[in-house]
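The values are calculated or read from the model by the stated rules, or taken from the named source; none is laboratory data. Note that the structure is a prediction, hence the values are computed from the model and not measured. Cβ: placed from backbone, ideal geometry, glycine included. Neighbour counts: every protein chain shown. These accessible areas exclude ligands, DNA and RNA; they are computed on the full protein's heavy atoms, side chains included. Shrake-Rupley method; radii C 1.70, N 1.55, O 1.52, S 1.80 Å.
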Amino acid sequence: MLNVYNTLTGKKEEFKPFEQGKVRMYVCGLTVQNYSHLGHIRSAINYDVIRRYLEYKGYEVTYVQNFTDINEKIVARAKEEGLTVQELAEKYSRAYLEDIERLNIKPADVFCSATENIKEIQDMVKTLIDNGYAYEADGNVYFSVEKFADYGKLSGRKLEDMEAGSRVKVSEDKRHPLDFALWKEAAGEEVNWESPWGKGWPGWHIECSAMSIKYLNKRFDIHGGGTDLIFPHHENEIAQSEAYSGEKPFVKYWLHNGTVDIKGEKMSKSLGNFFTTRELLEKFEADVVRYYVLTKHYHSPIEFSMQELENSRISLAKLRNVKENLKSILQEEQVDTASEEQKYLEFKKTLNTREKDFMAAMDNDFNSAGAIGVFHELARDINGLINNTEFKLDNNTRSVLVEADQLFMLFIRILGFKLEARTQVVDDKLINELIDYILTIRKDAREKKDYKLADEIRDKLVEIGIE
């Protein structure tokens, strides 16, 4: 049974989508003013694994993600780079799609952008005005938070407390300090759209509501994003969406991934303390970045660490070596003699246990960190079998290794790794000479009765795929 932590209710709940067998899912995407950084990619990786696991469970998943491609910062950035707003948006949208492809993140079924959905956004704003939830003032349109009785239900905040603690400078045309813009006056800007309220562009929050409703319906199953979006972005999405449609709940399960922090501060473009995805992928292969992210529960913040990325590289190499060893052994010619059948029946029970434990971790709110722990247990089980001095490839061992290989590959697919064989960067002669030298050191250690060192060398060689 799959249980997910729902920010809306503040507890884990059994996952039951609105429509049996189908999951409709929207995830907040990139504001296309720069290259993506690890904070963005963490979100993309986390929700990719959630999507993969839901598909493994048999659900038909419709996955929608947006690009925010118009706001004041984007216009300013376009001027800095000497590009039009559209050229800037296309540049960084394309770069993001290239980044996620390298990281083996499945593309959304629909990528949508604010500027492609101006009509839908304006229609939604008109309806909110007609329903008495929004008002126009000097070319701007604001949502009236006081009109929506449930405002604050996602973040757990009370309107009166938010008003008392608000540091927001109240615009003269706002009726309440927390009223938020649905449409912004932008008559003097290079890019704007005609509207019943004058030339302008959409507010940030309304675009996600308009696009998710367009592509997924007035109610859908999962809305994902970072914890930093709970308030005000997602809170405002709920208010305007439910006020617009009259349908509740707008979203059944709200899922939020933790931030990526550097020295206690969130990694962000505004703080300028980020590594772009491209910079990281120059230093580390894509699987390493993915592994690093998935060894943390998606709710938890990550304190960025180059050392942990290096550790991830080492841990990932162990899994890759098991994959390659399995492939190599299963290509060998098997012997005619049969091994002890009971021994391999026990190993099949171990495989069943690993599969159950892996799925139990994923069923517990998509606990990828726990699932990776089980993955390594499986790798150790396989190594223990094939490195046993009595091991020989016969009918029994082939059967159990095929099952182990299938389970290993299933874990790889759910977690989204590639685990491709490393490119050979040195010639075989040099490798063989290096191995001979290491084996000479081991032989000397054994002759000196330094069995601890000898065993460490043997174990390390086995770990990297050398017998």
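Some points to look at:
- Some residue of segment 329-338 being modelled with pLDDT of 90 or more and outside any helix (DSSP H, G or I): no
- Among (1) at pLDDT 95 or above; (2) in a helix (DSSP H, G or I) - the single one Lys343 does not satisfy: (1)
- Here the condition is being in a helix (DSSP H, G or I) and under 25 Å from the mean Cα position of the chain (by Cα); of Leu309, Leu326, it holds for Leu309 alone.
- Meeting the requirement of 1 or more residues that are open to solvent by less than 10 Å² (accessible area, probe 1.4 Å) and farther than 30 Å from His37 by Cβ, the helices (runs of 4 or more DSSP H) wholly within segment 71-183 are 118-130.
- Wholly enclosed strands (runs of 3 or more DSSP E) of segment 6-69 bearing at least 3 residues among the β-branched types (Val, Ile, Thr): 60-67
- The single condition among (1) open to solvent by 10 Å² or more (accessible area, probe 1.4 Å); (2) in contact with a helix residue (DSSP H, G or I) (Cβ under 6 Å, 6 or more places away or on another chain); (3) farther than 18 Å from Ile45 by Cβ; (4) of a type outside the set (A, V, I, L, M) that Arg219 does not satisfy is (2).
- Any hit, segment 183-199, residues being among the small types (Gly, Ala, Ser) and closer than 25 Å to Thr7 by Cβ: no
- Those helices (runs of 4 or more DSSP H) lying entirely in segment 197-297 with at least 1 residues under 22 Å from the mean Cα position of the chain (by Cα), of a type in the set (A, V, I, L, M) and farther than 27 Å from Lys16 by Cα: 277-283, 286-294
- Some residue of segment 412-431 being open to solvent by 10 Å² or more (accessible area, probe 1.4 Å), modelled with pLDDT under 95, in a helix (DSSP H, G or I) and among the β-branched types (Val, Ile, Thr): yes
- If you filter segment 51-97 down to residues that are hydroxyl-bearing (Ser, Thr, Tyr) and in contact with a Ser or Thr (Cβ under 7 Å, 6 or more places away or on another chain), you find that the one that is nearest to Ser212 (Cα to Cα) is Thr68.
- Here Met211 meets each of (1) surrounded by 22 or more Cβ atoms within 10 Å (Cβ to Cβ); (2) within 18 Å of Arg157 (Cβ to Cβ); (3) hydrophobic (A, V, I, L, M, F, W, C) with one exception, condition (2).
- Answer residue from segment 308-336, given it is surrounded by fewer than 14 Cβ atoms within 10 Å (Cβ to Cβ) and touching a residue at least 24 places away in the same chain (Cβ under 8 Å) and is farthest from Val402 (Cα to Cα) among those: Asp336
- With respect to being closer than 23 Å to Glu265 by Cα and among the charged types (D, E, K, R), Arg42 fits the description.
- The set of residues in segment 379-397 that are open to solvent by 20 Å² or more (accessible area, probe 1.4 Å), in a helix (DSSP H, G or I) and over 17 Å from Asn352 (Cβ atoms) comprises Asn383, Asn395.
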